[in-house]
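Student: First the structure, which I've put down as structure tokens, then a few questions once you've had a look.
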Amino acid sequence: LLLRWRRRRALWRKVAEAQERQERSLVRMEAVARRFREQHPSVNVVSILSLPLPELSKKLRDGSLPPDHVFYAYVGKALQIATETNCITEFLQESETQVRKAKLMEKQGLLYGVPVSIKDSIDCQGHDSTLGFIKNINKPAAEDSVVVQVLKRQGAIPFVKTNVPQSLISYDCKNLIFGQTCNPLLYTRTPGGSSGGEGALVGGGGSILGIGTDVGGSLRFPAAFCGICAIKPTGNRLSKRGIMAGVVGQRAVAAAVGPLAKDVESLALCLRALLSEDMFSLDSTVPPLPFSEEVYSSTKPLRIGYYETDFFTMPSPAMRRAVRETKELLEEAGHTLVPFELTNVDYVIFNYCVRGMFADGGSSFVNKFKGEMERGSMGLFFWLAKAPHWLKTLLSWIAKPFVPRFSSIIRSMKENTVDEVWSLHHEIEDFCHQFIAQWKKLNLDVMLCPMLGPALGIGYPAKLSVAVSYTMLYNALDFPAGVVPVTLVTDEDEEELKGYKGYYRDWWDRTLAKAFHGGVGMPVAVQCVALPWQEELCLRFMKEVETL
């Protein structure tokens, strides 16, 4: 008991250190923003903050806006949003030096002088990438991740790191070190996760461009919940060197790094900058595919597949309406909409995603929590990971008639042999080829899909891991997928929600109905999907949806 008490005290000291560093960061941001206002009282901060990224970057490059004016305007706004939502974990003080050097730069990249926020799990030299784990405090990264290096070479100024849920395997945003991040549009709602700090900061206007990661919807949930745009590219389109993963080494569900911003044009500008010779020379495992302007700027009418439900997670009335209204607008604009039938999504989620990510029965994931004081809301998961195979089999059999989804989760948490893992990977490849064959049989360019929404109440994502079906499908397939906000929840949607039953009518369906409740006025997005390596076509489709 004494040893445990001493160890816990040591852990709390580390937490206190990290929290003090966070507090010092905010104090520093307040001081530098105030000093700048006092020295430059005539600078119109509101007009700077209102500029869209393409216009802002143009003004920075042509010299009509000095980089320090933009930088300190965003430092001030970021501080305000951080105070309201608790989204920033650390201010990168070296960014002030970068701003001073920016004035002397001869070669101006596409993101010259643009302040950029960075997710906690993306390495920035000299700063922790905690993933919400106490054991990662005071372990600063030895060098910048490739993405951060490319951003800097393109003239961008990474200025803050943002909050994540513990382990990243969650679409909420809370950990024991930095606490809960709130949605900037409604503080009782989650900002989504795991790039939740990014969603809150960009959604609140405290950052014009954010960089996050996605292994099941971790870019798309925060964007959709906070009313902004994001794109999850094909897994290897952008370098993941120097980016910490929630589950290291698994290959069943493709992770990706991507941008979040207020509009699609900003995402396109970011990808133009990142898909440069710098990226390909720093990481030769990334295919040297520069951004295709021809595809992005095409005006050719599109042939678009669509579906309103995946028959696994029943869409909220607002989700269904978002797809329906977007479909009608696209048809009016001259595009062809073709129904697409999804089948066996339950099998994909349980057998490919859950079983694929935790093919060792979850033991390596559980080991990450050793020595931590909190395991979030993962008590049941930990118990399942540690339970013997015979007990899991028995429980799965008993649960199947009453709670089939719970039974499937238990069954997919078994420890696999190497042969079984290889067979699973082969099966996922086959599924991907079948999906593409169905896509090509209908001669589709892109796909319009639902996106979970509106934002759930804080704490609900931990109880609703099954609701990731709309996003995680495209990690299993490794297709580029973006989200665009298209509507707000209406009183009629809220009234219709009273009849929400779900497809399984189990505890999860009843909980999801409660989680959706009370979202009037909150944004709802749609998901735009393209085939692998077709990010430019995906963005072009997103732009069309946004414009309409």
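Student: Using DSSP, restrict attention to beta bridges with both residues in the range 1-285 and report what percent are antiparallel, rounded to the nearest 5.
Tutor: Percent antiparallel among DSSP bridges in the range 1-285 is about 65.
Student: Can you list which of the chymotrypsin sites (Phe, Trp or Tyr not before Pro) found in the range 369-413 are DSSP loop residues with at most 12 other C-beta atoms within 10 Å?
Tutor: Loop-located and lightly packed - Phe402.
Student: Hey, if you drop one equal point scatterer on each alpha-carbon of the chain and run the Debye formula without solvent, what base-10 log of I(q)/I(0) do you get at q = 0.07, 0.12 Å⁻¹?
Tutor: -0.38, -1.16
Student: Right, another one. I need the per residue convex hull volume for the range 450-548, using only the alpha carbons, in cubic angstrom as a whole number.
Tutor: Considering the Cα atoms of the range 450-548, their hull volume per residue is 108 Å³.
Student: While we're on this one: Take the solvent-accessible surface of the protein heavy atoms, probe 1.4 Å, and return the percent of it on the range 1-285 that carbon and sulfur atoms account for.
Tutor: Of the solvent-accessible surface of the range 1-285, carbon and sulfur hold 53 percent.
Student: Right, here's the next one. If you average the C-alpha positions of the range 78-121 and of the range 306-352 separately, how far apart do those two centres end up, in angstrom?
Tutor: Result: 38 Å between the Cα centres.
Student: Given the range 1-285, what whole percent of its Cα pairs are spread farther than 27 Å?
Tutor: 34 percent
Student: Enter the accessible area of Leu110 (Å², nearest 10), with the probe set to 1.4 Å and all protein chains included.
Tutor: Its accessible surface works out to 60 Å², give or take rounding.
Student: OK, next. In what order, largest first, do Arg24, Arg405, Arg272 sit by accessible area if the probe radius is 1.4 Å?
Tutor: Arg24, Arg272, Arg405
Student: List the chymotrypsin sites (Phe, Trp or Tyr not before Pro) in the range 467-548 that DSSP assigns to loop (not H, G, I, E or B) and whose Cβ has at most 15 other Cβ atoms within 10 Å. Which are they?
Tutor: Loop-located and lightly packed - Tyr503.
Student: A further question follows. Across the range 251-260, in residue order, what do the Karplus-derived ³J(HN,Hα) couplings come to in whole Hz, using 6.51 cos²θ - 1.76 cosθ + 1.60 with θ = phi - 60° and x for Gly and Pro?
Tutor: 10, 6, 10, 6, 8, 8, 10, x, x, 10
Student: Further question on the same structure: Considering Cα pairs under 8 angstrom that are at least six residues apart, work out the relative contact order of the chain and quote it in whole percent.
Tutor: Averaging sequence separation for qualifying contacts and normalising by length gives 15 percent for the chain.
Student: Sorted by accessible area with a 1.4 angstrom probe, largest first, how do Met522, Met314 fall?
Tutor: Most to least solvent-accessible, the answer reads Met314, Met522.
Student: Rounded to two decimals, what is the ratio between the C-alpha radius of gyration of the range 213-297 and 2.2 N^0.38 Å?
Tutor: Cα-based Rg divided by the globular estimate yields 1.12.
Student: Could I ask something else about it? If you wrap the range 85-159's Cα atoms in a convex hull and average its projection over all directions, what's the area in nm²?
Tutor: 5.4 nm²
Student: I've got another one for you. Express the relative contact order of the range 1-97 as a whole percentage, based on alpha carbon pairs under 8 Å and six or more residues apart in sequence.
Tutor: Reported as a whole number, the value is 41 percent.
Student: Please list, ordered by chain and number, the residues whose modelled amide H lies under 5 Å from the amide H of Thr487; skip anything fewer than 5 residues away on the same chain.
Tutor: Val524
Student: Chymotrypsin sites (Phe, Trp or Tyr not before Pro) within the range 75-174: which are DSSP loop residues with at most 15 other Cβ atoms inside 10 Å?
Tutor: Sparse-neighbourhood loop chymotrypsin sites (Phe, Trp or Tyr not before Pro): none present.
Student: Once the Cα gyration tensor of the range 31-96 is found, what semi-axes does its equivalent ellipsoid get, as square roots of 5 times the eigenvalues, in whole Å, sorted largest first?
Tutor: Output for the range 31-96: semi-axes of 20, 14, 12 Å.
Student: Also, I was wondering about something else. Can you compute the helix-only [θ] at 222 nm over the chain? Use -39500 (n - 2.57) per DSSP H run of at least 4 residues, normalise by all residues, nearest 500 deg cm²/dmol.
Tutor: -13000 deg cm²/dmol
Student: Keeping all protein chains in position, work out how much accessible area Glu328 exposes to a 1.4 Å probe, and write it in Å² to the nearest 10.
Tutor: Glu328 exposes around 90 Å² with every protein chain in place.
Student: Which percent, to the nearest 5, of DSSP beta bridges fully inside the chain are antiparallel?
Tutor: 65 percent
Student: Report, to two decimal places, the Cα Rg of the range 360-415 normalised by 2.2 N^0.38 Å (N = number of residues).
Tutor: In units of the globular-protein estimate, the range 360-415 measures up at 1.18.
Student: At 1.4 Å probe size, what's the solvent-accessible area of Asp491? Round to the nearest 10 Å².
Tutor: Around 110 Å² of this residue is reachable by solvent.
Student: Sticking with this one: Top to bottom by accessible area (1.4 Å), largest first, where do Ile409, Ile231 land?
Tutor: The residues order as Ile409, Ile231, largest area first.
Student: Roughly how far apart, in whole Å, are the Cα centres of the range 425-492 and the range 225-264?
Tutor: If you average the Cα positions of each part, the centres end up 14 Å apart.
The values are calculated or read from the model by the stated rules, or taken from the named source; none is laboratory data. None of these values were measured; they are calculated from a predicted model. As a convention, Cβ positions derive from the backbone with ideal geometry for all residues, glycine included, and neighbour counts pool all protein chains shown. Heads up: the accessible areas ignore ligands, DNA and RNA and are worked out on the full protein's heavy atoms, side chains in. Shrake-Rupley method; radii C 1.70, N 1.55, O 1.52, S 1.80 Å.
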